[in-house]
Amino acid sequence: MTAPSLSTVPLLDRRRAGVLLHPTSLPSGDLGADAYRFIDFLVAGGFSVWQFLPIGPTHGEFGSPYQCLSVHAGNPLLISAQMLVDEGWLGAEAAAGAQRLQSARDGFTRAASPQARAEYAEFCRLHAPWLDDYALYQALRGEQNQTHWISWPAPLRDRTAKALKDARTRLAAAIEQVQFEQFVFFRQWRRLKDYANSKGVLMFGDLPIFVAHDSADVWAQREQFAVDAHGRLQSVAGVPPDYFSNTGQLWGNPHYHWPRHVAEDFRWWKQRFHSQIELMDLVRIDHFRGFAAYWEIPAGATTAIDGRWVDAPGDALFAAVRAHCPQLRIVAEDLGVITPEVNVLRQKYGFPGMKILQFAFEGGAHNPYLPHYHQADSVVYTGTHDNDTTLGWFNALRDDLKARVYEYLGTPHEAMPWPLIRATLASVSQLAVIPMQDALALDGANRMNTPGTVEGNWRWRFTWEQVAPNIAGRLHTMVELYAR
């Protein structure tokens, strides 16, 4: 009997451990040799899950991965130029140049094998439902100096038939360039995922609940969103005051026009989740509570304080999605203000929730993030991309809280972050995830993101020199000790 493929293994089939690292934080920041070396590091450390942030195209090199230009496309900045050289499509001298992807397309046109050309044609055919609009949108953004589509000339903004036809003719070369880049991204990603799976490592991705206003999705399908006929926002997304901000978080994304989604039996969402299955083994849904009720903020507001909760049709949505994609495995990000309705929705569909140990040590012994309250159907973290590193977090605590952390953890002799890593791996949660910064015992200068801020985020990268020779072995011993 053959073993089941990883894509059919239940998420919580056994205790697992993983590492959180976005591909942009690899030393090279791309899908080349460092990504494969990182998978080897995971295996050496006993880990069977690689978790990462959304991998869609961002607004600029260090734009937020939670504000992507498409819910389907991959980020071309992750494409490995060296792998294009190895394919014979790019000269070594052009690999470091700003125009390397354009040069690679020229090389593909000249030198690609018949098999590669057939793969490209098949890719464009299969992905046409989203790729055609996305490629046109990106070509137009280039023509319009990367400005938001809401400011484009009215015929392009409002997608009149003549304007679109003329643009497809005028921008044919730019459109093909975008299609080629997506083909290359998906090809490189598929090979990386195949390598991870062959080593027993699951790829654990991230799906933002909301879509950027400046995106191909809102431009091309604005009837799915809470915008007017010309694309102007009617309300925006965010969250009320919380752990991260006393004025809440104003994300600015358009809300969904849920009646339209319901009327179409969630066709748009089915397509979106189907795209994730091609790229990931597991999917974390960011801000899961927004599927039970979402915080609606008036367009034009300067903070998130003056919003209101509005019910969302999450039950009907997930029933439709599960019927369409029964193999989809979801983790629900259920942090923040969680109501009984959110828990009922998550539990009805068997989605594991999240536990963050950095949240556990204030508020006394009944704090639900403390390990003695964890459940098996959850994913536990020391911290996430939105938290400080564990060492940075601990160093910033008051002395009384530091003492409480160490008392709860049994007054360990190890220095931080190792006691919290141990507590994470020892938790009854079936999946435990350690950010790479914590695995390397790095301080707060290595934080990935600070919610509510714009500058200086998403830039962190590690170096292989930071990975001491004994780190993988030390982690492997702990992973084995706690049956992961």
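The values are calculated or read from the model by the stated rules, or taken from the named source; none is laboratory data. Keep in mind it's a predicted model, so treat the numbers as computed, not measured. Cβ placement follows ideal geometry from the backbone for every residue including glycine, while neighbour counts extend to all protein chains displayed.
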Practice task
Could you check L126 against (1) surrounded by fewer than 13 Cβ atoms within 10 Å (Cβ to Cβ); (2) of a type outside the set (S, T, N, Q); (3) touching a His at 6+ places or on another chain (Cβ under 9 Å) and say which number it fails?
Solution key: (3)
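Yes/no per residue for (1) touching a residue at least 24 places away in the same chain (Cβ under 8 Å); (2) in contact with a Phe, Trp or Tyr (Cβ under 9 Å, 6 or more places away or on another chain); (3) over 30 Å from N470 (Cβ atoms):
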| site | (1), (2), (3) |
| --- | --- |
| H22 | yes, yes, no |
| L26 | yes, yes, no |
| H72 | yes, yes, yes |
| D86 | no, no, yes |
| L101 | yes, yes, yes |
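Scanning the range 17-52 for residues that are among the aromatic types (F, W, Y) and assigned to a loop (DSSP other than H, G, I, E, B), which turns out surrounded by the most Cβ atoms within 10 Å (Cβ to Cβ)?
Taking the candidates together, the pick is F47.
Determine which member of the set F351, F359 is within 22 Å of the chain's Cα centre (by Cα) and farther than 18 Å from W393 by Cα.
Details: F359 fails: farther than 18 Å from W393 by Cα.
Every option except F351 fails the conditions.
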Exercise for the section: Please work out which one of (1) farther than 25 Å from H374 by Cβ; (2) out of contact with any strand residue (DSSP E or B) (no Cβ under 7 Å at 6 or more places or on another chain) is the condition G392 fails and give its number. Expected result: (1)
Problem - Search result, residues across the range 234-257 that are surrounded by 20 or more Cβ atoms within 10 Å (Cβ to Cβ) and either in contact with a helix residue (DSSP H, G or I) (Cβ under 6 Å, 6 or more places away or on another chain) or within 18 Å of V71 (Cβ to Cβ) (or both) - result: V236, A237, W251, N253, P254, H255, Y256
Handout entry: Hey, R346 touching a strand residue (DSSP E or B) at 6+ places or on another chain (Cβ under 7 Å), farther than 30 Å from R191 by Cβ, touching a residue at least 40 places away in the same chain (Cβ under 8 Å) and in a helix (DSSP H, G or I) or not
Key = yes
Exercise for the section: Test R474 against the stated conditions and say whether it is modelled with pLDDT of 95 or more, charged (D, E, K, R), part of a loop (DSSP other than H, G, I, E, B) and surrounded by fewer than 17 Cβ atoms within 10 Å (Cβ to Cβ). Expected result: no
Exercise for the section: Just name the residue that is farthest from the chain's Cα centre (by Cα) out of those in the range 369-405 that are closer than 15 Å to Y243 by Cβ and small (G, A, S). Expected result: A396
Exercise for the section: Output the residues belonging to the range 303-315 that are closer than 18 Å to R346 by Cα and either under 24 Å from the mean Cα position of the chain (by Cα) or surrounded by 15 or more Cβ atoms within 10 Å (Cβ to Cβ) (or both). Expected result: A312, P313, G314, D315
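Among the residues of the range 146-163, write down those that are more than 18 Å from A212 (Cα to Cα) and outside any helix (DSSP H, G or I).
Within the range 146-163, the first condition is being more than 18 Å from A212 (Cα to Cα), and the residues that meet it are 153-156, 159-163.
Hits for the range 146-163 are P153, R159, T160.
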Handout entry: Number of the exception - D443 against (1) free of Cβ contacts under 8 Å to residues at least 60 places away in the same chain; (2) surrounded by fewer than 16 Cβ atoms within 10 Å (Cβ to Cβ)
Key = (2)
Practice task
Considering every residue within the range 416-439, establish whether at least one is more than 21 Å from K355 (Cβ to Cβ) and without any contact (Cβ under 8 Å) to a residue 40 or more places away in the chain.
Solution key: no
Problem - Long-range neighbours under 7 Å by Cβ, at least six apart or interchain, first residue among the charged types (D, E, K, R) within the range 471-484, second assigned to a helix (DSSP H, G or I) - result: R484/L425
Problem - Filter result for the condition that a residue is acidic (D, E), at pLDDT below 95 and either surrounded by fewer than 17 Cβ atoms within 10 Å (Cβ to Cβ) or out of contact with any Asp or Glu (no Cβ under 8 Å at 6 or more places or on another chain) (or both), over E455, E407, E465 - result: E455
Problem - Single condition P368 does not satisfy, out of (1) assigned to a loop (DSSP other than H, G, I, E, B); (2) touching a residue at least 40 places away in the same chain (Cβ under 8 Å) - result: (2)
Practice task
Considering only residues that are in contact with a His (Cβ under 8 Å, 6 or more places away or on another chain) and buried (at least 19 other Cβ atoms within 10 Å of the Cβ), look in the range 321-355 and name the one that is farthest from W295 (Cα to Cα).
Solution key: K355
